[in-house]
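So the structure is just underneath, and the comments pick up after that.
The values are calculated or read from the model by the stated rules, or taken from the named source; none is laboratory data. Bear in mind that the values here come from a model prediction, so they are computed numbers and not experimental data. Neighbour counts run over all protein chains shown; Cβ positions are idealised from the backbone, glycine included. When the accessible area is computed, the model is the full protein with side chains, heavy atoms only, and any ligands, DNA or RNA have been set aside. Shrake-Rupley method; radii C 1.70, N 1.55, O 1.52, S 1.80 Å.
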Amino acid sequence: MKTKLSILFLIVFFISGITIISFGQEGHETATATGHGEADEPFDPSTFIMDHIADSHEWHLWTKKNGDHVAVYLPVILYSREKGLDVFSSRKLAHGDTYDGYRIEEEGDLKGIIVSVNEEGHADEANIPLDFSITKAVIGLLFSCIIGLWLFLSLSRSYKKTGISHPRGIQSFLEPIILFVRDDIAISNIGIHKYEKYMPYLLTVFFFILINNLMGLIPFPPPFGANVTGNIAVTFVLACFTFVITQFSGNKNYWRHTFATPGVPFWLLPVMIPVELIGIISKPFALMIRLFANITAGHIIVLSLICLIFIFKSVAVAPVSILFVIFMDCLELLVAFLQAYVFTLLSALFISLAVQEHH
Amino acid sequence: MTGTVAAIGAGLAVIGAGIGIGRIGGSAMEAIARQPEATNKIQTAMIIAAALIEGAALFAIVVSLIAK
């Protein structure tokens with residue numbers, strides 16, 4: 001037990017160490033880049049943090065002493081009505097460059113969005129191209145899918161080979177988690193008779209969120225550290241899945257409860273039906289906001305603690321900030337599991353409300 | 001100016017959520033102390049309730065983030 005704990009602590013220490021190195025270098029870059037050589041221009045932590053949690057077309061690694069950026073440039077895929085489909089490397093758009101009439105906005109409401117540039121050199125706001133680019137988050141997403149497939153395909157292979165009697169290796173780690181999702185989330189909420197149909201979804205969503213949360217905590221090297229579950233588009237799609245599954249598994253009682261709530265006098269129904277409909281929408285909406293805000297808030301806290309070093313411009317602050325970052329990373333590990341659990345649990349709860357029999 | 005007001009709003013929301021989740025945690029502790037055999041059920045119910053309160057607080061925080 002003690003060795004296990006110390007190994008865990010070492011891993012966490014290692015991860016936080018990388019956090020500081022990689023973010024610290026980028027922090028230096030931001031401080032000098034915004035300062036334009038003048039050291040007394042104030043460091044803007046808010047922009048620094050937002051740039052790090054936002055999605056981006058390039059994967060910035062570090063800046064060399066001479067000011068060159070080392071980054072992985074990701075492909076940009078654009079579709080606009082006039083020019084059709086366009087595929088090129090984001091290197092051509094780096095540092096505010098214009099390529100083929102496109103530019104990444106660096107200021108204002110459209111910050112970080114690729115816009116088409118008109119003759120005067122301004123962004124054409126009425127004609128923003130559709131952006132299908134492989135961004136940081138998309139790379140993270142694809143990589144987490146590969147990890148998930150690798151984990152579970154090797155798991156199923158080893159079950160085929162050895163049967164269920166002797167769990168070995170990765171089996172003995174994943175089996176308790178899968179059983180936990182089945183027994184404590186699916187069966188205890190949906191019930192023993194109907195849970196099986198929903199197990200694939202619940203397990204998928206649980207491990208998808210878990211893997212992405214954990215990958216978001218590892219800041220380096222590139223496939224890790226993309227803020228996937230802290231991206232509202234991703235959590236929106238996950239919440240949509242829960243919404244659609246809940247509505248399509250809704251039985252007679254569920255719809256009767258929505259449109260003709262038993263025990264409610266008929267003159268109250270014009271009030272009750274909108275309330276019930278808002279309830280149907282707001283449940284997945286809360287799921288979306290909860291996951292997004294929890295993960296984003298965690299990243300913001302870790303980054304602000306690192307920003308302290310650059311705000312005070314002193315090495316003496318570094319040990320304090322490092323200790324706090326290690327503490328926060330431990331907390332984030334807990335949150336990574338907890339949010340995966342809560343999302344799955346609430347999905348199961350909403351499904352159970354839709355499928356439960358009248359009693 | 002709006003930024004300051006938004007920050008105060010976020011702080012107020014967190015106070016509310018803190019009181020709420022603190023009460024849930026305290027009551028769950030008491031309940032577990034009285035009935036240790038029901039720990040699992042109490043924990044699940046506790047996490048559901050805490051998650052719902054947290055959701056309300058996070059709405060407020062997201063609104064104050066946007067208001068900036």
Checklist outcome for this item: Subset of segment B:26-43, residues assigned to a helix (DSSP H, G or I) and more than 14 Å from every other protein chain (Cβ to nearest Cβ), comes to B:26, B:27, B:28, B:29, B:30, B:31, B:32, B:33, B:34, B:36, B:37
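Tell me yes or no: at least one residue of segment B:2-10 is among the small types (Gly, Ala, Ser), closer than 20 Å to residue A:293 by Cβ and within 10 Å of chain A (Cβ to nearest Cβ). Let's see the steps before the verdict.
Taking segment B:2-10 as the starting set, the residues that turn out to be among the small types (Gly, Ala, Ser) are B:3, B:6-7, B:9-10.
Those left that are additionally closer than 20 Å to residue A:293 by Cβ: B:3, B:6-7, B:9-10.
Then drop every residue that is not within 10 Å of chain A (Cβ to nearest Cβ), which leaves B:3.
So far as segment B:2-10 goes, yes, one or more of its residues are among the small types (Gly, Ala, Ser), closer than 20 Å to residue A:293 by Cβ and within 10 Å of chain A (Cβ to nearest Cβ).
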Checklist entry - Take the residues of segment B:44-68 that are more than 9 Å from every other protein chain (Cβ to nearest Cβ) and over 20 Å from the mean Cα position of the chain (by Cα): which is surrounded by the most Cβ atoms within 10 Å (Cβ to Cβ)? => result B:67
Item to check | Residue count for segment A:272-288, restricted to those that are charged (D, E, K, R) and either closer than 13 Å to residue A:255 by Cα or surrounded by fewer than 17 Cβ atoms within 10 Å (Cβ to Cβ) (or both) | outcome: 1
Item to check | Filter result (under 23 Å from residue B:55 (Cβ atoms), open to solvent by less than 80 Å² (accessible area, probe 1.4 Å) and over 18 Å from the mean Cα position of the chain (by Cα)) within segment B:8-43 | outcome: B:31
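Would you confirm, using the coordinates I've provided, whether residue A:245 is surrounded by 12 or more Cβ atoms within 10 Å (Cβ to Cβ) and out of contact with any strand residue (DSSP E or B) (no Cβ under 6 Å at 6 or more places or on another chain)?
Values: surrounded by 12 or more Cβ atoms within 10 Å (Cβ to Cβ): yes; out of contact with any strand residue (DSSP E or B) (no Cβ under 6 Å at 6 or more places or on another chain): yes.
Yes.
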Checklist outcome for this item: Checked segment A:331-359 for anything closer than 18 Å to residue A:181 by Cβ and either open to solvent by 60 Å² or more (accessible area, probe 1.4 Å) or among the basic types (Lys, Arg) (or both); matches are A:334, A:337, A:338
Item to check | Filter result for residue B:15 (assigned to a helix (DSSP H, G or I) and within 12 Å of chain A (Cβ to nearest Cβ)) | outcome: no
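Considering only residues that are hydroxyl-bearing (Ser, Thr, Tyr) and either in a helix (DSSP H, G or I) or open to solvent by less than 70 Å² (accessible area, probe 1.4 Å) (or both), which ones fall in segment A:164-217?
Start the filter on segment A:164-217 by keeping residues that are hydroxyl-bearing (Ser, Thr, Tyr), which leaves A:165, A:172, A:188, A:195, A:198, A:201, A:204.
A:172, A:188, A:195, A:198, A:201, A:204 - these are the residues of segment A:164-217 that are hydroxyl-bearing (Ser, Thr, Tyr) and either in a helix (DSSP H, G or I) or open to solvent by less than 70 Å² (accessible area, probe 1.4 Å) (or both).
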Item to check | Only listed residue being at pLDDT 85 or above, more than 24 Å from residue A:217 (Cα to Cα) and open to solvent by 70 Å² or more (accessible area, probe 1.4 Å), chosen from A:153, A:149, A:142 | outcome: A:153
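Within segment A:253-272, is even one residue within 14 Å of chain B (Cβ to nearest Cβ), under 30 Å from residue B:41 (Cα atoms) and either more than 18 Å from the chain's Cα centre (by Cα) or assigned to a helix (DSSP H, G or I) (or both)? Walk me through it before giving the result.
Narrowing segment A:253-272 to residues within 14 Å of chain B (Cβ to nearest Cβ): none.
So far as segment A:253-272 goes, no, none of its residues is within 14 Å of chain B (Cβ to nearest Cβ), under 30 Å from residue B:41 (Cα atoms) and either more than 18 Å from the chain's Cα centre (by Cα) or assigned to a helix (DSSP H, G or I) (or both).
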Next on the checklist: So the check is Cβ under 6 Å with 6+ separation or different chains; which pairs have a first residue in segment A:136-156 that's of a type in the set (Lys, Arg) and a second one that's not in a helix (DSSP H, G or I)?
Outcome noted: A:136/A:55; A:136/A:56; A:136/A:59; A:136/A:226
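Out of segment A:289-330, which residues are under 17 Å from the mean Cα position of the chain (by Cα), away from every other protein chain (no Cβ under 14 Å) and either over 18 Å from residue A:52 (Cα atoms) or open to solvent by 30 Å² or more (accessible area, probe 1.4 Å) (or both)? Don't jump to the end; show me each part of the working.
As a first pass, look at segment A:289-330 and keep what is under 17 Å from the mean Cα position of the chain (by Cα): A:289-303, A:329.
Now restrict to residues that are away from every other protein chain (no Cβ under 14 Å): A:302-303, A:329.
Residues satisfying the conditions do not exist here.
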